[in-house]
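Presented below is the structure to which this report refers.
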Amino acid sequence: MSGNGATSVEIRNLDLSFGAIDVLKGLNLSVREGEFLVLLGSSGCGKSTLLNCIAGLLDVTGGQVFIKGRNVTWAEPSERGIGMVFQSYALYPQMSVEGNMSFGLRNARVPKSEIRERVARAADILQIEPLLKRKPSALSGGQRQRVAIGRALVRDVDVFLFDEPLSNLDAKLRADLRVELKQLHDRLDNTMIYVTHDQVEAMTLADRIAIMKDGIIQQLASPGEIYSRPANLYVADFIGSPAMNLQQGRVENGRFLAGEFSVSLDSYPFERKATGDAWFGIRPEHVLVGDEAAGADVEFAIKAEVVEPLGSDTLVLTSVNGKRFWLRISGQSRVATGDSLRAGVNAADASLFDAGDEERL
Amino acid sequence: MTEATAVFEGAHGPKPRRTFSRRNIFLYGTLIMVALYYMLPLYVMIVTSLKGMPEIRLGNIFAPPVEITFQPWVKAWAEACTGLNCDGLSRGFWNSVRITVPSVIVSIAIASVNGYALANWRFKGANVFFTILIFGAFIPYQVMLYPIVILLREIGLYGSLWGLVIVHSIFGMPILTLLFRNYFTSLPEELFKAARVDGAGFWGIYFQIMLPMSLPIFVVAMILQVTGIWNDFLFGVVYTKPDIYPMTVQLNNIVNSVQGVKEYNVNMAATILTGLVPLVIYFVSGRLFVRGIAAGAVKG
């Protein structure tokens, strides 16, 4: 459902510093109309700061912000055609649900009849009609978050901004609301920019994910692309749980060498030719075990040190060259701690990174 | 299932505690002693104020009154003389009301807006402004007494009620601003952000979002200001003149008058009357300390 190609939000050379600390450095980002873009990163990476800059809640130090082709760099938050949903819901405690949802419209001096109509419509979409007269304190966490979304919805905005909206909810509710958010996006087709540190949310919701670190976008791509072809070592390590198995070694004569571990790279799709120091990464589920390992680009023997059955799959912790090496195998397999296993890896499933600039090879 | 029907042996259920354990005797003993120590002066005051002068001259200050009389209270309120005026403390009471009410309203109104601006609108120079304000809280009053006399004289308010109101409002500003700033800082910042996204301006957010959530801190500020201004003596005596002396100054003048017999019962009654307003404020507003007024705004 990702948009029609027109640009909805565009950020040009955005700088933001708090005193001597540069939080965002020359950031460029273009969000397509109707796109669901997730800003993902660990805390302190600048993702919420970027969202606040788009919302106009922070004054930028340099650069420009465009929404629907209009330069809104100096515009007030309410003039930008955005709606925002916060982690803490930020409902006005003294106002009823209806009062909360209509606050923005009342400030904009929208006629009363139209306010009623719009609130009713949003309440219908979010199924919160029975709650309209209640105070926020009489609502559950999930209901509060729905009202917070409703508050953005009634204002008929171009862009929805979400700042970790599900982080305060318990696991089950989070999964439910995640699905609802996705349905809401399919239904409204608005541009949505969503900040989270939760990989699962990012992977499931996003049309594209922007992974941020130290105020710089590391990779901007679809979830599948980010997972299978991480652009650099940071992204490779950040995405996936357990993380990608990484081995440090050398690329020489078409082979990757790290201690006992030697892989032919004939089937690896190089983006740039390189020899020398490098990292070799392989996802736990791409490690072949037992009979499947036969005929792989490299075969080796490993010992199960820790076995973690998750039901659907089982995670097995082993070590290669003294480094942790995770396998993800079927939940049906019977592996016990201390068992010896045959494992195999195909270079086509792997990711190689230059040891110097840590970019994908 | 056998355990369910079994008779418990040994320790089970709540741990038994002795009422007169050594710990309890020590704890409550100390508390009662301290409470008595604090209560005693008040007891002496009340008892003395209800006695006639002949009974007081017997010298048993702890003895309860044999013959209860309210005459000293009537005299303290309506008849006691200070200088040429012989209408008792009532004059001082109304003066104090006329000083306290506007001072409290003006200082809280300004300080709450100051605190809100400092906490939420990080304007240029906010930190410098705040530092100066806090610094102001540490300057001893005595240093400023005379300069303020000159200032008030120049603007023609020296010796008037409004001059004193201005002085009280200004002197309450640093501590009140600090109080409000800290309270508004403790409110979730996202509420402020949400209101801005919803298009509310400086005053819109203050009146529609912040004020309704701030009852507790307004009550605290009111208690601070009412008691502080009501109990003030120094500014009252320096910046006003006899006709408009606040109650505290007038109390002093009654108690310390050198002519005639010392009427201890009238003095005690006058003192209690003067202290009544702060006392009532504490009792009444204690209930207004509604906690969790912001509950439901954030996670819960």
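Just the number: Rg to Rh for the stretch B:90-286, Cα atoms, Kirkwood Rh, two decimals.
1.06
Quick one: compute a quarter of the convex hull surface over the Cα atoms of the stretch A:244-354 and quote it in nm².
6.6
On C-alpha positions alone, give me the angle between the axis of helix A:97-107 and the longest principal axis of chain A, in degrees, nearest 10.
70
Between B:I272 and A:N71, take the C-beta separation as r, use R0 = 56 Å, and let me know the FRET efficiency to the nearest 0.05. Intermediate results must be reported in sequence, preceding the final value.
Details: r = 70 Å, r/R0 = 1.24.
In this case the efficiency is close to 0.20.
Along the Cα-to-Cβ line of A:K303, 7 Å from the Cα, sits a label point; which residues in the stretch A:314-334 have backbone N less than 11 Å from it?
Counting backbone N atoms under 11 Å from the label point, the list is A:319.
How far, in nm, would the chain grow between B:A137 and B:F207 when pulled straight, counting 0.36 nm per residue and subtracting the alpha carbon separation?
22.5 nm
Grab the beta carbon distance between B:I150 and A:S222, set R0 = 60 Å, and tell me the FRET efficiency rounded to 0.05.
Computed FRET efficiency for B:I150 and A:S222: 0.20.
Quickly work out the B:N256-to-B:N182 label distance, labels modelled 7 Å from Cα along the C-beta direction, and quote it in nm with one decimal.
Each label point is offset 7 Å from its Cα along the Cβ direction, giving 3.4 nm.
Positive end of the charge dipole of the protein assembly as shown (Lys, Arg +1 and Asp, Glu -1 on Cβ, about the Cα centre): tell me which of B:I244, B:V66, A:G99 has its Cα farthest that way.
Positive-end residue among those listed: B:V66.
Only helical DSSP H runs with n ≥ 4 go in: add -39500 (n - 2.57) per run for chain B, normalise by residue count and round the 222 nm mean residue ellipticity to 500 deg cm²/dmol. Don't skip to the answer; put the middle values down first.
Working: 14 runs with 193 residues, N = 300.
Taking each H run of at least 4 residues, the total per residue is -20500 deg cm²/dmol.
I need two numbers for chain A: Rg to one decimal and Dmax as a whole number, Cα atoms only, in Å.
24.1, 75
Quick one: if you stick a label point 7 Å off each Cα along the C-beta vector at B:L234 and A:E114, how many nm between them?
5.9
For A:A294 and A:S43, what does the FRET efficiency come to when R0 = 45 Å and r is the distance between their Cβ atoms, rounded to the nearest 0.05?
Efficiency computed from Cβ-Cβ geometry: 0.50.
Find the cysteines in the protein assembly as shown that fail to meet the 4.7 Å Cβ criterion with every other cysteine, and list them.
A:C45, A:C53
Let me have the relative contact order for the stretch A:7-233, percent, based on Cα pairs under 8 Å that are six or more residues apart.
Working: 423 pairs, mean separation 66.5, N = 227.
Relative contact order here is 29 percent.
For all pairs of alpha-carbon atoms in the protein assembly as shown, what percent lies in each bin of width 20 Å, listed from the first bin to the last filled one?
For the protein assembly as shown, the pair-distance distribution reads 14, 30, 27, 19, 8, 1.
Among all the aspartates and glutamates, which ones have a C-alpha under 14 Å from B:K75's C-alpha, if same-chain residues fewer than 8 places away are not counted?
The reachable aspartates and glutamates, counting only those whose Cα sits under 14 Å from B:K75, are B:D87, B:E263.
Using label points projected 7 Å from each Cα along Cα→Cβ, tell me how many nm separate B:I170 and B:A35, to one decimal.
4.6
What does the extension gain come out to for A:R12 and A:E285, with contour length at 0.36 nm per residue minus their alpha carbon separation?
94.4 nm
For the stretch B:22-69, just list the percent of Cα-Cα distances falling in each 10 Å bin from zero outward, please.
Pair shares across the bins are 25, 35, 21, 15, 4.
How large is the dipole of the protein assembly as shown about the Cα centre if only Lys and Arg carry +1 and Asp and Glu carry -1, each at its Cβ, rounded to the nearest 20 debye?
Numbers: 61 positive and 60 negative charges, 553 e Å.
Approximately 2660 debye in magnitude.
Here, each number is a calculation from the coordinates, and none is a lab measurement. Note that the structure is predicted; figures quoted are calculated from it, not measured. Methodologically, a virtual Cβ is constructed for each residue, glycine included, from the backbone with ideal geometry; neighbour enumeration extends over all protein chains shown.
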